[in-house]
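The values are calculated or read from the model by the stated rules, or taken from the named source; none is laboratory data. Predicted, not measured: the structure shown is a model, and the values here were computed from it. Backbone-built Cβ (ideal geometry, glycine too); neighbour counts: all protein chains shown. For the accessible areas, the whole protein counts, side chains as well, though only heavy atoms, and no ligand, DNA or RNA atoms are used. Shrake-Rupley method; radii C 1.70, N 1.55, O 1.52, S 1.80 Å.
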Amino acid sequence: MNNSPIGVFDSGVGGLSCVEELIRLLPNEDIVYLGDTARVPYGTRSRDTIISYAREDIAFLKKHNVKMILVACGTVSSVLDSVRDECGDIPVSGVVIPAAEAAYKATHNKKIGVIATGASISSGSYDRSLKAIDESVSVIGKACPMLVPLAENGYTAPDCPPARFFTEEYLSPVKELGVDTLILGCTHFPHFSEVISEYMGSDVTLISASAELAKKASESLNASAQRADRKEEGRISLYCTDSETLFADNVRKFLGRDINAQILKCKLV
(Lines give C-alpha, C1' and ligand atoms only; values in the text may rest on other atoms or scores of the structure.)
Protein backbone atom coordinates (compact mmCIF):
# COMPACT_ATOMS: atom_id res chain seq x y z
CA MET A 1 0.00 0.00 0.00
CA ASN A 2 1.15 3.53 -0.74
CA ASN A 3 -0.57 6.65 0.60
CA SER A 4 1.42 9.11 -1.49
CA PRO A 5 -0.74 11.15 -3.88
CA ILE A 6 -1.34 10.63 -7.58
CA GLY A 7 0.07 13.52 -9.60
CA VAL A 8 -1.84 14.81 -12.63
CA PHE A 9 -1.07 17.74 -14.91
CA ASP A 10 -2.49 19.49 -17.94
CA SER A 11 -2.10 22.82 -19.68
CA GLY A 12 -5.35 24.07 -18.12
CA VAL A 13 -8.72 22.79 -16.93
CA GLY A 14 -8.95 19.93 -19.45
CA GLY A 15 -7.28 17.42 -17.17
CA LEU A 16 -10.12 17.82 -14.68
CA SER A 17 -11.89 15.21 -16.83
CA CYS A 18 -9.17 12.79 -15.75
CA VAL A 19 -9.49 13.88 -12.12
CA GLU A 20 -13.23 13.28 -12.25
CA GLU A 21 -12.69 9.69 -13.39
CA LEU A 22 -9.94 9.13 -10.81
CA ILE A 23 -12.28 10.25 -8.03
CA ARG A 24 -14.89 7.78 -9.28
CA LEU A 25 -12.47 4.85 -9.61
CA LEU A 26 -10.14 5.61 -6.71
CA PRO A 27 -12.11 7.60 -4.11
CA ASN A 28 -9.60 6.96 -1.33
CA GLU A 29 -6.58 8.30 -3.20
CA ASP A 30 -5.03 11.72 -2.63
CA ILE A 31 -4.67 13.66 -5.88
CA VAL A 32 -2.45 16.62 -6.71
CA TYR A 33 -3.53 18.33 -9.92
CA LEU A 34 -1.66 21.06 -11.76
CA GLY A 35 -3.38 23.13 -14.42
CA ASP A 36 -0.93 25.48 -16.12
CA THR A 37 -3.68 28.01 -16.84
CA ALA A 38 -1.24 30.91 -17.32
CA ARG A 39 0.26 29.25 -20.40
CA VAL A 40 -2.68 27.40 -21.91
CA PRO A 41 -2.91 26.22 -24.67
CA TYR A 42 0.17 24.05 -25.16
CA GLY A 43 -1.11 22.76 -28.51
CA THR A 44 -0.13 25.91 -30.41
CA ARG A 45 3.47 25.92 -29.12
CA SER A 46 6.65 24.57 -30.66
CA ARG A 47 7.89 21.12 -29.68
CA ASP A 48 10.81 22.61 -27.71
CA THR A 49 8.48 24.91 -25.76
CA ILE A 50 6.09 22.05 -24.97
CA ILE A 51 8.96 19.95 -23.66
CA SER A 52 10.23 22.86 -21.54
CA TYR A 53 6.79 23.41 -20.01
CA ALA A 54 6.34 19.70 -19.36
CA ARG A 55 9.63 19.50 -17.48
CA GLU A 56 8.52 22.31 -15.19
CA ASP A 57 5.14 20.63 -14.62
CA ILE A 58 6.81 17.35 -13.73
CA ALA A 59 9.26 19.07 -11.38
CA PHE A 60 6.33 20.68 -9.55
CA LEU A 61 4.56 17.35 -9.02
CA LYS A 62 7.75 15.65 -7.87
CA LYS A 63 7.95 18.17 -5.02
CA HIS A 64 4.67 16.71 -3.74
CA ASN A 65 6.13 13.21 -3.42
CA VAL A 66 3.68 11.70 -5.90
CA LYS A 67 3.69 7.95 -6.50
CA MET A 68 2.77 8.23 -10.18
CA ILE A 69 2.42 10.98 -12.77
CA LEU A 70 -0.47 11.10 -15.19
CA VAL A 71 0.04 13.36 -18.18
CA ALA A 72 -3.57 14.44 -18.73
CA CYS A 73 -2.53 16.49 -21.73
CA GLY A 74 -2.65 15.09 -25.25
CA THR A 75 -0.05 17.56 -26.46
CA VAL A 76 2.55 16.60 -23.83
CA SER A 77 1.63 12.92 -24.16
CA SER A 78 2.64 13.19 -27.82
CA VAL A 79 6.20 14.10 -26.76
CA LEU A 80 6.27 11.98 -23.60
CA ASP A 81 9.39 10.02 -24.58
CA SER A 82 11.33 13.29 -24.55
CA VAL A 83 10.48 14.05 -20.92
CA ARG A 84 10.12 10.57 -19.42
CA ASP A 85 13.57 10.70 -17.85
CA GLU A 86 12.51 13.78 -15.86
CA CYS A 87 10.26 11.52 -13.77
CA GLY A 88 13.14 9.39 -12.49
CA ASP A 89 11.77 6.29 -10.78
CA ILE A 90 8.20 7.62 -10.68
CA PRO A 91 5.91 5.76 -13.11
CA VAL A 92 4.49 8.08 -15.78
CA SER A 93 1.71 7.54 -18.30
CA GLY A 94 0.16 9.67 -21.01
CA VAL A 95 -3.20 9.56 -22.74
CA VAL A 96 -2.23 8.34 -26.21
CA ILE A 97 -1.71 4.60 -25.76
CA PRO A 98 -4.70 3.96 -23.44
CA ALA A 99 -6.98 5.88 -25.82
CA ALA A 100 -5.66 4.05 -28.88
CA GLU A 101 -6.17 0.66 -27.25
CA ALA A 102 -9.72 1.52 -26.19
CA ALA A 103 -10.61 2.86 -29.64
CA TYR A 104 -9.35 -0.26 -31.36
CA LYS A 105 -11.45 -2.44 -29.08
CA ALA A 106 -14.51 -0.30 -29.85
CA THR A 107 -14.29 0.01 -33.63
CA HIS A 108 -16.12 -2.32 -36.01
CA ASN A 109 -15.20 -0.81 -39.36
CA LYS A 110 -11.61 0.14 -38.41
CA LYS A 111 -12.24 3.79 -39.25
CA ILE A 112 -11.14 5.78 -36.22
CA GLY A 113 -11.28 9.56 -35.92
CA VAL A 114 -8.95 11.53 -33.66
CA ILE A 115 -9.55 15.12 -32.61
CA ALA A 116 -6.80 16.86 -30.69
CA THR A 117 -4.60 19.95 -30.67
CA GLY A 118 -2.57 20.88 -33.72
CA ALA A 119 0.65 19.74 -32.04
CA SER A 120 -0.81 16.32 -31.20
CA ILE A 121 -2.16 15.75 -34.69
CA SER A 122 1.03 16.88 -36.43
CA SER A 123 3.12 14.63 -34.17
CA GLY A 124 1.33 11.57 -35.55
CA SER A 125 1.34 9.94 -32.10
CA TYR A 126 -2.21 8.62 -32.23
CA ASP A 127 -1.75 7.37 -35.79
CA ARG A 128 1.44 5.50 -34.85
CA SER A 129 -0.13 3.97 -31.74
CA LEU A 130 -3.17 2.71 -33.66
CA LYS A 131 -1.09 1.42 -36.58
CA ALA A 132 1.13 -0.43 -34.10
CA ILE A 133 -1.97 -2.37 -33.05
CA ASP A 134 -3.27 -2.98 -36.58
CA GLU A 135 -1.74 -1.62 -39.79
CA SER A 136 -5.09 -1.86 -41.57
CA VAL A 137 -6.77 0.73 -39.34
CA SER A 138 -7.75 3.95 -41.07
CA VAL A 139 -6.99 6.96 -38.84
CA ILE A 140 -8.58 10.33 -39.58
CA GLY A 141 -7.01 13.11 -37.54
CA LYS A 142 -8.37 16.62 -37.15
CA ALA A 143 -6.93 19.50 -35.18
CA CYS A 144 -9.57 21.45 -33.24
CA PRO A 145 -7.69 24.42 -31.75
CA MET A 146 -10.66 26.62 -30.89
CA LEU A 147 -12.22 24.03 -28.59
CA VAL A 148 -9.46 24.54 -26.01
CA PRO A 149 -10.11 28.24 -25.29
CA LEU A 150 -13.85 27.57 -25.37
CA ALA A 151 -13.42 24.92 -22.66
CA GLU A 152 -11.12 27.15 -20.62
CA ASN A 153 -13.87 29.77 -20.55
CA GLY A 154 -16.75 27.39 -19.89
CA TYR A 155 -18.41 27.45 -23.35
CA THR A 156 -19.14 23.73 -23.58
CA ALA A 157 -22.91 23.27 -23.19
CA PRO A 158 -24.87 21.53 -25.99
CA ASP A 159 -26.95 24.67 -26.55
CA CYS A 160 -23.89 26.96 -26.71
CA PRO A 161 -23.74 28.47 -30.23
CA PRO A 162 -19.89 28.68 -30.40
CA ALA A 163 -19.54 25.08 -29.20
CA ARG A 164 -22.04 23.87 -31.79
CA PHE A 165 -20.50 25.94 -34.60
CA PHE A 166 -16.92 24.76 -34.07
CA THR A 167 -17.98 21.16 -33.48
CA GLU A 168 -19.65 21.08 -36.90
CA GLU A 169 -16.82 23.06 -38.51
CA TYR A 170 -14.14 20.66 -37.31
CA LEU A 171 -16.00 17.34 -37.38
CA SER A 172 -17.84 17.64 -40.69
CA PRO A 173 -15.01 16.05 -42.74
CA VAL A 174 -14.44 13.38 -40.08
CA LYS A 175 -18.12 12.46 -40.09
CA GLU A 176 -18.23 12.33 -43.89
CA LEU A 177 -15.46 9.70 -43.92
CA GLY A 178 -17.64 7.33 -41.90
CA VAL A 179 -15.72 6.82 -38.67
CA ASP A 180 -17.50 4.65 -36.12
CA THR A 181 -15.17 5.59 -33.25
CA LEU A 182 -13.86 9.01 -32.28
CA ILE A 183 -10.99 9.62 -29.88
CA LEU A 184 -11.30 12.82 -27.87
CA GLY A 185 -7.53 13.16 -27.87
CA CYS A 186 -7.27 16.42 -25.95
CA THR A 187 -8.39 16.27 -22.33
CA HIS A 188 -10.38 19.47 -22.83
CA PHE A 189 -12.63 17.73 -25.34
CA PRO A 190 -14.66 15.39 -23.06
CA HIS A 191 -16.27 18.58 -21.76
CA PHE A 192 -17.90 18.79 -25.23
CA SER A 193 -19.11 15.16 -25.21
CA GLU A 194 -22.79 16.03 -25.42
CA VAL A 195 -22.53 18.39 -28.36
CA ILE A 196 -20.06 16.09 -30.17
CA SER A 197 -22.25 13.03 -29.65
CA GLU A 198 -25.31 14.91 -30.86
CA TYR A 199 -23.53 15.93 -34.04
CA MET A 200 -21.75 12.65 -34.79
CA GLY A 201 -24.74 10.45 -33.98
CA SER A 202 -25.40 7.65 -31.52
CA ASP A 203 -23.70 5.05 -33.74
CA VAL A 204 -20.29 6.69 -33.20
CA THR A 205 -18.46 5.66 -30.02
CA LEU A 206 -16.63 8.45 -28.22
CA ILE A 207 -13.38 7.55 -26.46
CA SER A 208 -12.26 9.95 -23.74
CA ALA A 209 -8.47 9.89 -23.63
CA SER A 210 -8.51 11.29 -20.09
CA ALA A 211 -10.94 8.67 -18.80
CA GLU A 212 -8.89 5.87 -20.37
CA LEU A 213 -5.77 7.22 -18.67
CA ALA A 214 -7.55 7.17 -15.30
CA LYS A 215 -8.62 3.56 -15.91
CA LYS A 216 -5.05 2.58 -16.72
CA ALA A 217 -3.85 4.25 -13.51
CA SER A 218 -6.42 2.33 -11.47
CA GLU A 219 -5.39 -0.97 -13.04
CA SER A 220 -1.71 -0.20 -12.48
CA LEU A 221 -2.19 0.64 -8.80
CA ASN A 222 -4.22 -2.52 -8.24
CA ALA A 223 -1.67 -4.69 -10.02
CA SER A 224 1.29 -3.26 -8.10
CA ALA A 225 -0.48 -3.13 -4.71
CA GLN A 226 0.20 0.61 -4.54
CA ARG A 227 -3.34 1.73 -3.72
CA ALA A 228 -3.86 3.95 -0.70
CA ASP A 229 -4.48 2.18 2.60
CA ARG A 230 -7.28 4.32 4.02
CA LYS A 231 -11.06 4.21 4.34
CA GLU A 232 -11.84 7.92 4.16
CA GLU A 233 -12.03 9.93 0.95
CA GLY A 234 -8.73 11.16 -0.41
CA ARG A 235 -7.63 14.79 -0.34
CA ILE A 236 -7.84 16.68 -3.61
CA SER A 237 -5.36 19.53 -4.13
CA LEU A 238 -5.89 21.57 -7.31
CA TYR A 239 -3.21 24.03 -8.38
CA CYS A 240 -3.40 26.65 -11.12
CA THR A 241 -0.86 29.16 -12.40
CA ASP A 242 -3.27 32.02 -13.13
CA SER A 243 -6.65 33.25 -11.83
CA GLU A 244 -7.83 31.20 -8.87
CA THR A 245 -11.36 32.59 -9.26
CA LEU A 246 -11.78 31.47 -12.87
CA PHE A 247 -10.15 28.14 -12.08
CA ALA A 248 -12.48 27.56 -9.10
CA ASP A 249 -15.49 28.35 -11.31
CA ASN A 250 -14.34 25.79 -13.86
CA VAL A 251 -13.67 23.18 -11.18
CA ARG A 252 -17.27 23.46 -9.99
CA LYS A 253 -18.58 23.49 -13.55
CA PHE A 254 -16.53 20.66 -15.03
CA LEU A 255 -16.55 18.28 -12.09
CA GLY A 256 -20.30 18.75 -11.95
CA ARG A 257 -20.50 18.88 -8.17
CA ASP A 258 -18.87 20.34 -5.13
CA ILE A 259 -15.84 18.37 -4.06
CA ASN A 260 -13.74 18.64 -0.97
CA ALA A 261 -10.79 20.22 -2.74
CA GLN A 262 -8.12 22.73 -1.89
CA ILE A 263 -7.61 25.24 -4.72
CA LEU A 264 -4.29 27.06 -4.76
CA LYS A 265 -2.26 29.26 -7.05
CA CYS A 266 1.37 28.37 -7.70
CA LYS A 267 4.40 29.47 -9.71
CA LEU A 268 6.42 27.08 -11.84
CA VAL A 269 9.37 29.34 -12.61
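Being open to solvent by less than 10 Å² (accessible area, probe 1.4 Å), among the small types (Gly, Ala, Ser) and in contact (Cβ under 8 Å) with a residue 24 or more places away in the chain narrows it down to one residue among 59, 100, 38, 106; which is it?
Every option except 100 fails the conditions.
Here is a yes/no grid of residues against (1) modelled with pLDDT of 95 or more; (2) touching a helix residue (DSSP H, G or I) at 6+ places or on another chain (Cβ under 7 Å); (3) surrounded by fewer than 19 Cβ atoms within 10 Å (Cβ to Cβ); (4) aliphatic (A, V, I, L, M):
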site	(1), (2), (3), (4)
133	yes, yes, yes, yes
138	yes, no, yes, no
157	no, yes, yes, yes
175	yes, yes, yes, no
182	yes, yes, no, yes
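Please specify each residue of segment 148-184 satisfying the condition of being touching a strand residue (DSSP E or B) at 6+ places or on another chain (Cβ under 9 Å) and of a type outside the set (Asp, Glu).
Matches in segment 148-184: 170, 171, 173, 174, 175, 177, 178, 179, 181, 182, 183, 184.
Please go through (1) among the charged types (D, E, K, R); (2) touching a strand residue (DSSP E or B) at 6+ places or on another chain (Cβ under 9 Å); (3) closer than 21 Å to residue 14 by Cβ for residue 47 and return the number of the only condition it doesn't satisfy.
(2)
I'd like to know if segment 55-67 contains one or more residues that are within 30 Å of residue 228 (Cβ to Cβ), under 17 Å from the mean Cα position of the chain (by Cα) and hydrophobic (A, V, I, L, M, F, W, C).
So far as segment 55-67 goes, yes, one or more of its residues are within 30 Å of residue 228 (Cβ to Cβ), under 17 Å from the mean Cα position of the chain (by Cα) and hydrophobic (A, V, I, L, M, F, W, C).
Can you tell me which condition residue 59 does not meet? The list is (1) closer than 20 Å to residue 243 by Cβ; (2) in a helix (DSSP H, G or I), and all the others hold.
Failed condition: (1).
What is the number of the single condition among (1) open to solvent by less than 10 Å² (accessible area, probe 1.4 Å); (2) in contact with a strand residue (DSSP E or B) (Cβ under 6 Å, 6 or more places away or on another chain) that residue 91 does not meet?
If we test residue 91 against (1) open to solvent by less than 10 Å² (accessible area, probe 1.4 Å); (2) in contact with a strand residue (DSSP E or B) (Cβ under 6 Å, 6 or more places away or on another chain), just (1) comes out false.
Which condition number does residue 191 fail, the rest of (1) under 16 Å from residue 16 (Cα atoms); (2) in contact with a helix residue (DSSP H, G or I) (Cβ under 8 Å, 6 or more places away or on another chain); (3) part of a strand (DSSP E or B) being met?
(3)
Looking at segment 1-29 only, could you name the residues that are assigned to a loop (DSSP other than H, G, I, E, B) and under 16 Å from residue 220 (Cα atoms)?
Correct list: 1, 2, 3, 4, 5, 26, 27, 28, 29.
Regarding residue 180, is this residue more than 20 Å from the chain's Cα centre (by Cα) and within 21 Å of residue 47 (Cβ to Cβ)?
So residue 180 does not fit the description; no.
What residue, among those in segment 159-173 that are open to solvent by less than 40 Å² (accessible area, probe 1.4 Å) and either assigned to a loop (DSSP other than H, G, I, E, B) or not polar (S, T, N, Q) (or both), is nearest to residue 15 (Cα to Cα)?
Per the criteria, the residue is 163.
Out of all the residues in segment 208-236, which are in a helix (DSSP H, G or I) and open to solvent by less than 30 Å² (accessible area, probe 1.4 Å)?
If the condition is that a residue be in a helix (DSSP H, G or I) and open to solvent by less than 30 Å² (accessible area, probe 1.4 Å), then 209, 210, 211, 213, 214, 217, 218, 221 are the ones that fit.
Filtering segment 251-262 down to residues that are among the aliphatic types (A, V, I, L, M) and not in a loop (DSSP other than H, G, I, E, B), which residue is surrounded by the most Cβ atoms within 10 Å (Cβ to Cβ)?
Per the criteria, the residue is 251.
Residues checked against (1) of a type outside the set (D, E, K, R); (2) outside any strand (DSSP E or B); (3) open to solvent by 20 Å² or more (accessible area, probe 1.4 Å):
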residue: 197; (1), (2), (3): yes, yes, yes
residue: 206; (1), (2), (3): yes, no, yes
residue: 239; (1), (2), (3): yes, no, yes
residue: 249; (1), (2), (3): no, yes, yes
residue: 264; (1), (2), (3): yes, no, yes
